[in-house]
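Throughout, read-outs are computed from the coordinates displayed, never taken from laboratory work. This structure is a prediction, so every number in the text was calculated from the model and none was measured. Note that we place each Cβ from the backbone using ideal geometry, even for glycine, and neighbour counts take in every protein chain shown.
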Amino acid sequence: MAVLELNQSNVAAVMRKQGYVAVKVWGPNCPHCAAAKQIWQKLAAGEVALYQLNAAKAPAVSKRWRVRAVPSFLLFKNGKEVARFHGAITAKRLQAWLDSAQK
């Protein structure tokens, strides 16, 4: 499964999906976001649908989700936020966060 782009026009449809949806909120001038991009793409082979949202291009969505720092990782289940993490992260730690949040 590939990492899909989330934006102002498709966010409502994505949030209506049943099951888990994970979103990485990133910024264009964020070095930690660039590092997280590769990690996020490696995790795309899992069972959770992975999306990425450019905070600079979708400020209303970032504001609604109360994103204060990038990168931020949000996990939704059936459209409701169930977990959140922000800041630099390793692949192992991000996988562990996703796994523990789904239990």
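Each principal axis of the Cα atoms in the chain has its own extent, and those three values, largest first, are 32, 30, 22 angstrom. Only DSSP H runs of four or more residues enter the estimate; each adds -39500 (n - 2.57), and after division by the residues of the chain the mean residue ellipticity at 222 nm equals -9500 deg cm²/dmol. For the stretch 17-71, the dipole from Cβ point charges (+1 on Lys and Arg, -1 on Asp and Glu) about the Cα centre works out to 220 debye, to the nearest 20. Checking every one of the trypsin sites (Lys or Arg not before Pro) in the stretch 1-71 against DSSP loop status and a limit of 16 other Cβ atoms within 10 Å picks out R16, K17, K57, R66, R68. Contact order for the stretch 4-101, expressed relative to its length and based on alpha carbon pairs under 8 Å spaced 6+ residues apart, stands at 37 percent. Dipole magnitude for the stretch 4-101: computed about the Cα centre from +1 point charges on Lys and Arg Cβ and -1 point charges on Asp and Glu Cβ, it is near 240 debye.
Bridge orientation summary for the stretch 4-101: considering DSSP beta bridges with both residues in this region, about 55 percent are antiparallel.
Among the GluC sites (Glu not before Pro) found in the chain, those both in a DSSP coil and sparsely packed, with 13 or fewer other Cβ atoms within 10 Å of their Cβ, are E47.
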